[in-house]
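*Asks:* Before I ask anything, here is the structure I am working with.
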Amino acid sequence: MFYSIPSPRSAEVEAPRHRETPTLNPMADRWDDTERAALVALLRTRPNGLSWRDLAREIEQRESALHVWEEHHPPGLFDEATQNSALHEAERDIESWHELGFLTFMDELYPPQLREIHDFPPVLFHQGKLPSEEVGMAVVGSRQASELGVTIARAVATGLADRGITVISGLAKGIDAAAHTAALDSGGRTVAVIGTGITRHYPAENRRLQERIATEGLVISQFWPDSPPTRQSFPMRNAVMSGYSRATIVVEAGEHSGARIQARQAIAHGRPVILTDLVVRNNKWPAELIDRPGVHVAGSTAEVIAAAEHVVSGPAEIDALLNLTADR
């Protein structure tokens with residue numbers, strides 16, 4: 001049975017340092033709006049049917065989106081006017097997007113934890129404070145949440161916030177909204193990873209919450225600013241939420257919930273997953289996950305927080321051991 005969580009220890013959980021991530025752009029001083037425009041044009045036109053992931057890999061290898069664009073659009077082979085139009089349109093858009101908060105995966109401020117996953121988004125739009133490091137946990141679950149599920153989500157989010165851990169969720173109604181609101185109300189930080197463009201508000205009932213998070217926390221989107229919600233956008237959003245988070249906590253979810261998708265994605269990303277026994281008791285899908293490394297089942301909110309603390313402190317303990325060995 002879930003119950004209220006204990007007060008945090010006298011000190012906040014020590015935030016571990018991020019694993020050293022290779023810089024994707026050693027030519028950072030040459031990555032400018034011309035390069036960004038070429039990236040955007042490539043993502044929009046997708047030459048030869050290449051996926052966003054494949055295009056990002058090509059750009060990473062050649063260290064230039066413009067070079068990749070020119071390779072796929074050699075002079076005289078295609079309609080040069082159409083090619084130039086695509087680049088000019090991207091340049092105009094980027095000029096206005098800087099006011100929204102626009103990043104590419106080659107920019108220095110791109111979140112390092114997203115660079116660690118294979119399906120990282122090539123572009124990000126953001127509103128709010130984007131720190132160089134973020135120690136956070138995703139708290140996710142059903143839109144049609146039960147009263148118990150909402151209570152658990154609020155308690156878990158409050159416990160994480162009290163320990164200096166950012167609460168990350170997807171701004172959906174139900175569990176997501178409860179987690180975001182509890183984190184803010186307790187004075188903590190929260191990040192909303194949304195499945196629409198950054199200028200949209202979905203669901204409409206969470207508009208004020210989204211605006212509050214943009215002011216007090218962070219809203220991020222991998223989609224073009226005016227993109228509407230689609231069936232494909234939410235699983236893509238879940239992948240980014242998993243990659244941005246240190247771990248995923250599934251509070252309450254049905255057999256076909258997006259939280260189920262995120263749990264699987266988190267495992268693929270090498271991120272821990274914490275399932276409440278509410279999820280395990282009421283569904284069949286957790287059975288295929290609970291024996292996998294990094295998957296925890298918690299029987300109370302206290303156990304959820306204890307597992308979260310263990311996940312957060314683990315890398316710091318490893319770093320301390322490595323530093324101790326180096327000093328000898």
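The values are calculated or read from the model by the stated rules, or taken from the named source; none is laboratory data. Not measured: the values here are computed from a predicted model. Here the Cβ positions follow ideal geometry from the backbone for every residue, glycine too, while neighbour counts run over all protein chains shown. Ligands, DNA and RNA are excluded from the accessible area calculation, which covers all protein heavy atoms including side chains. Shrake-Rupley method; radii C 1.70, N 1.55, O 1.52, S 1.80 Å.
*Asks:* In square nanometres, what is the average projected area of the Cα convex hull of segment 160-276?
*Replies:* On the way: hull surface 27.4 nm².
Result: a mean projected hull area of 6.8 nm².
*Asks:* For segment 161-264, what is the relative contact order in percent, using Cα pairs closer than 8 Å and at least 6 residues apart in sequence? Mind showing how you got there, number by number?
*Replies:* On the way: 162 pairs, mean separation 26.1, N = 104.
Contact order relative to length: 25 percent.
*Asks:* Loop only by DSSP, 16 or fewer other Cβ within 10 Å of the Cβ. Give me the GluC sites (Glu not before Pro) in segment 107-204 that pass, ordered by residue number. Display every interim value, and only then the final one.
*Replies:* Values: sites: GLU108, GLU116, GLU133, GLU134, GLU147; in loops: GLU108, GLU116, GLU133, GLU134.
Within segment 107-204, the qualifying GluC sites (Glu not before Pro) (loop, at most 16 other Cβ atoms within 10 Å) are GLU108, GLU116, GLU133.
*Asks:* Additional query: Provide, for q = 0.25, 0.26, 0.27, 0.33 Å⁻¹, the log10 of I(q)/I(0) from a solvent-free Debye sum over equal Cα point scatterers in segment 191-233.
*Replies:* Results for segment 191-233 at q = 0.25, 0.26, 0.27, 0.33 Å⁻¹ read -0.84, -0.90, -0.96, -1.26.
*Asks:* Considering only protein heavy atoms and a 1.4 Å probe, what is the carbon-and-sulfur percentage of the accessible area of segment 112-191? Walk me through the numbers on the way to the answer.
*Replies:* Details: 1110 of 2460 Å².
Using a 1.4 Å probe with all protein chains present, segment 112-191 comes out at 45 percent carbon and sulfur.
*Asks:* While we're looking at this one, here's another question. Which value, in Å², gives the accessible area per residue of segment 132-182 when a 1.4 Å probe is used on the protein heavy atoms?
*Replies:* Numbers: 1490 Å² over 51 residues.
Value for segment 132-182: 29 Å² per residue.
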